[in-house]
1. Only one of (1) at pLDDT below 90; (2) charged (D, E, K, R); (3) closer than 23 Å to ALA134 by Cβ fails for GLU315. Which number is that?
2. Which residue is nearest to GLN70 (Cα to Cα), if the candidates are limited to segment 162-174 and must be open to solvent by less than 50 Å² (accessible area, probe 1.4 Å) and not aromatic (Phe, Trp, Tyr)?
3. When you scan segment 411-429, do you find a residue that is closer than 30 Å to LEU94 by Cβ and in contact (Cβ under 8 Å) with a residue 60 or more places away in the chain, even just one?
4. Testing ILE177 on (1) surrounded by fewer than 21 Cβ atoms within 10 Å (Cβ to Cβ); (2) closer than 17 Å to LEU78 by Cβ; (3) among the aliphatic types (A, V, I, L, M), one condition comes back false. Which one is that?
5. Looking only at segment 99-115, filter to residues that are in contact (Cβ under 8 Å) with a residue 24 or more places away in the chain and among the aromatic types (Phe, Trp, Tyr); which one of those is most open to solvent (accessible area, probe 1.4 Å)?
6. If you check ARG283, ARG309, which single one turns out to be open to solvent by 20 Å² or more (accessible area, probe 1.4 Å), farther than 22 Å from THR182 by Cβ, at pLDDT 85 or above and charged (D, E, K, R)?
7. Could we say that PHE147 is over 22 Å from ASP280 (Cβ atoms), assigned to a helix (DSSP H, G or I), at pLDDT 90 or above and open to solvent by less than 40 Å² (accessible area, probe 1.4 Å) here?
8. Return only the number of the condition from (1) open to solvent by 10 Å² or more (accessible area, probe 1.4 Å); (2) in a helix (DSSP H, G or I) that PHE57 does not satisfy.
Amino acid sequence: MNAVQLLLKRYAIVAIWGAFLSILFLKFLWPLARFDAPLGYDAGIYRYLFLRYGESFPPFTFPDLPPWAQEHPPGLFLFSSIFLRLGVPVDWLLGWMWNFFPILLAACSSAVVWRKWGRAVGIVTLFLFALAPAYYDGFAAMYWKTFAALLWTTLSFSFLERRQWFLGSVFAFLTVITHQQTGLLFMLATVSWLFLSACSSWLLVGFSRRHFLTFLVGSAAFLSLVVLFYGQLFGDIIGRLLPLLFQGSRAPPGSFPPPDFYLRHSWPLLLFGFLGVLRDLRRERWTPEQLTLLWSFLFIALRLIFYRRFFLQFEFFLIPFAALSIGLLWQRWSSPLLRGSIVVLILVQSVSSLQVMVQRVPAVSAHVFAAAQSLQASLPDQALVLTLEPMTTPFLRGWLPAHRVGGPGLFDSLWSEEQWEQFLLGTSMERRGLLATLPGPVFLFISPEFFSLYGADVERFLADPCFEKGDQAFLYGVKEQCVMSPQLR
């Protein structure tokens, strides 16, 4: 091969890599230009947490958070607080910075695969991230903590496999303190990998007490560091999640599409990934990536706690194996028919991915989102704003960080499920009795979603003499005589 051919081949690779990267940019930046509201309602939750942590400066000080907010590990907010202190607007973290992050994560995974299995597999890996339905669903739901933890996991595995223990441990620590679910998966995979590697080493060269002691001491030191960093928060999280883990299939499934949805929309990707795993197992066994796939599959198959959300991690670590099988099959199958079959399967996956993408639209309308953004200036201090359905509540929580916000079972809600049902569907006297338990001033945010959920009952609800229409869109005030009297507060 002469110099001209080498130059053309090099530029061809750059062009292909640039084309695949452009597809990722188009896919993940398109919602930013298309919609006037975020896709996922988690945007409001993250905005509230970003602002509250930005008021303090972790890891030196932590904000005083309500119980529901304390369930979120602080890892992500170590970095967001720095950005906010540097003057970055908080809405950048919910806008273009978030839209770029899945591209960065895909590029990082591609680079790690490139280093491990070669540039062809690395480039195909980048392309497959643009076709992965669960990956896009995680983006549409704005799973900031999950994506950040996956970035740290990818880097940690890369360093640990190269025996660069210090950097591997740093990113391992960041993984565990960023997201509980991904941190649990990471620890299960890493401990399994270290244990199996140690067993293999001992079987080959004999039992080493020094290696065994180093393994135990290192594991204990790492867990102690996590417990020390979390403090009481760690105990609260473990105390809440551990009982759920042992509930098996009765544990909450998590707010994510069910596995059969991805079986329908990702079967070509799953097929390529399965073939890639079988091929990789013939070359080396039990790598951290293989074990992560195994553990995430067990959570899904056994329907353990939040099992639906584990499909995101499962797909994320399956993509490089799918790229590996595509690369190997393309090299070994010179027949146009067989290569054409690969192309057809990729086209089928592309169509399915596009179908999933167009289904993902904002949780609330642009009009409702604009109203939520403008409310803060028109509300008195210490006001309580109640939403009457769950979709709008997180947005108000994020854009009213200095006020009290509650909805059915959410945030600053003091009522049980039965009391909420009584408030929404009961008599005026029952409603007034519940309002008398709330310190004022109290407002109601009556969204179009409430009208669609309750239909004819809405008119009867709004006719309650305790309510009066406010000046702002969707806002109703609760009369002062209907809420808790100042003497009882």
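The values are calculated or read from the model by the stated rules, or taken from the named source; none is laboratory data. As the structure is a prediction and not an experimental result, all values here were calculated from the model. Note that each Cβ is placed from the backbone with ideal geometry, even for glycine, and that neighbours are counted across all protein chains shown. Only protein heavy atoms, including side chains, enter the accessible area calculation; ligands, DNA and RNA are left aside. Shrake-Rupley method; radii C 1.70, N 1.55, O 1.52, S 1.80 Å.
1. Result: GLU315 passes all but (1).
2. Going through segment 162-174, the residues open to solvent by less than 50 Å² (accessible area, probe 1.4 Å) turn out to be 168, 171-174.
Checking the rest, the ones that are also not aromatic (Phe, Trp, Tyr) come to 168, 172, 174.
Working: GLY168: 27, ALA172: 21, LEU174: 18 Å.
Checked segment 162-174; the qualifying residue nearest to GLN70 (Cα to Cα) is LEU174.
3. yes
4. ILE177 satisfies every listed condition except (1).
5. As a first pass, look at segment 99-115 and keep what is in contact (Cβ under 8 Å) with a residue 24 or more places away in the chain: 99-109, 112-113, 115.
Those still in the list that are among the aromatic types (Phe, Trp, Tyr) too: 100-101.
Values: PHE100: 77, PHE101: 30 Å².
By that ranking, first place goes to PHE100.
6. Values: ARG309 fails: farther than 22 Å from THR182 by Cβ.
Of ARG283, ARG309, the one residue that is open to solvent by 20 Å² or more (accessible area, probe 1.4 Å), farther than 22 Å from THR182 by Cβ, at pLDDT 85 or above and charged (D, E, K, R) is ARG283.
7. Numbers: over 22 Å from ASP280 (Cβ atoms): yes; assigned to a helix (DSSP H, G or I): yes; at pLDDT 90 or above: yes; open to solvent by less than 40 Å² (accessible area, probe 1.4 Å): yes.
Answer is yes for this residue.
8. If we test PHE57 against (1) open to solvent by 10 Å² or more (accessible area, probe 1.4 Å); (2) in a helix (DSSP H, G or I), just (2) comes out false.
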